[in-house]
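One structure below.
Derivation of every value follows stated rules applied to the coordinates shown; laboratory data play no part. None of the values given here were measured: they were computed from a predicted structure. Note: ideal-geometry Cβ built from the backbone for every residue, glycine included; neighbour counts use all protein chains shown.
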Amino acid sequence: MSFEARINGVTHTIDVEGDTPLLWVLRDVLGMYGTKFGCGQALCGACTVHIDGVATRSCQTMIDSVAGMEITTIEAVGGSPAGRKIQDAWAALDVPQCGYCQSGQIMSASALIAANPTPSDADINEAMSGNVCRCGTYDRIRAAIHMAAGTNVNANGG
């Protein structure tokens, strides 16, 4: 079947089965490798993208369910004010260690900042709870979100 999907501001016609996960459309069909495969069960957050501005796990989102919606990936998130603030804070605080989870972390954090420009620690905990970092950079992630929000609680990351 053929589906149209609007990804990063560009409409793509994609010839796949309707139950193909968005993650595989992005990576295997469109060659957009920034969105990562982690667990395949929407538990780790590595595959997070925005669908109509909402952080969504692409490994469990089927292509036939996103018709007419705007999909944003890590490749384009820096084009939004919230995405740019998060990316700048990530770089300023040297958040990544191995970096594998960071595209999903950035996508979840930028959706949070876009929806709630001055999140509390509880807000951050809730928004980021589905994103796993095996390296344990959670303190730096929280500090970067506060930096992006202008609520520098502890910008040194610890």
Note to self: Could you work out [θ]222 nm for the chain from helices alone, using -39500 (n - 2.57) per DSSP H run of at least four and dividing by all its residues? Round to the nearest 500 deg cm²/dmol.
What the structure shows: -9000 deg cm²/dmol
Check: Rg and Dmax of region 77-149, using alpha carbons, in Å: what are they?
Finding: 10.6, 28
Notebook entry, point to check: By counting other Cβ atoms within 10 Å of each Cβ, how are Asp64, Asp121 ranked from fewest to most?
Noted result: Asp121, Asp64
Item checked: Convex hull (Cα only) mean projected area of region 2-72, reported in nm² to one decimal -> 4.0 nm²
Next item on the list: Express in nm, to one decimal, how much length is gained between Asp52 and Thr151 on full extension, taking 0.36 nm for each residue of separation and deducting their alpha carbon distance.
Entry: 33.0 nm
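From the C-alpha gyration tensor of the chain, pull out the three semi-axes of the equivalent ellipsoid (sqrt of 5λ each), sorted largest to smallest, in whole Å. Intermediate results must be reported in sequence, preceding the final value.
On the way: eigenvalues 158, 46, 31 Å².
After diagonalising the Cα gyration tensor, the semi-axes are 28, 15, 12 Å.
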Next item on the list: Using Cα pairs closer than 8 Å and at least 6 residues apart in sequence, work out the relative contact order for region 3-158, in percent.
Entry: 22 percent
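Let me spell out the model: positive unit charges on the Cβ of Lys and Arg, negative unit charges on the Cβ of Asp and Glu, origin at the Cα centre of the chain. What dipole size does that give, in debye rounded to 20?
460 debye
Relative to the present Cα-Cα distance, how much length would full extension add between Ala115 and Ser129 at 0.36 nm per residue of separation?
Working it through step by step, the gained length comes to 3.4 nm.
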Item checked: Positive-end residue of Ile63, Val10, Leu112, charge dipole of the chain with Cβ unit charges -> Leu112
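Which FRET efficiency, nearest 0.05, do Asp139 and Val10 yield, Cβ-Cβ r, R0 35 Å? Don't skip to the answer; put the middle values down first.
Working: r = 37 Å, r/R0 = 1.05.
Result of the calculation: an efficiency of 0.45.
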Item checked: region 77-149 - charge dipole about Cα centre, Lys and Arg +1 at Cβ, Asp and Glu -1, debye rounded to 20 -> 160 debye
Next item on the list: Give the distance, in whole Å, between the Cα centre of region 77-119 and the Cα centre of region 3-32.
Entry: 23 Å
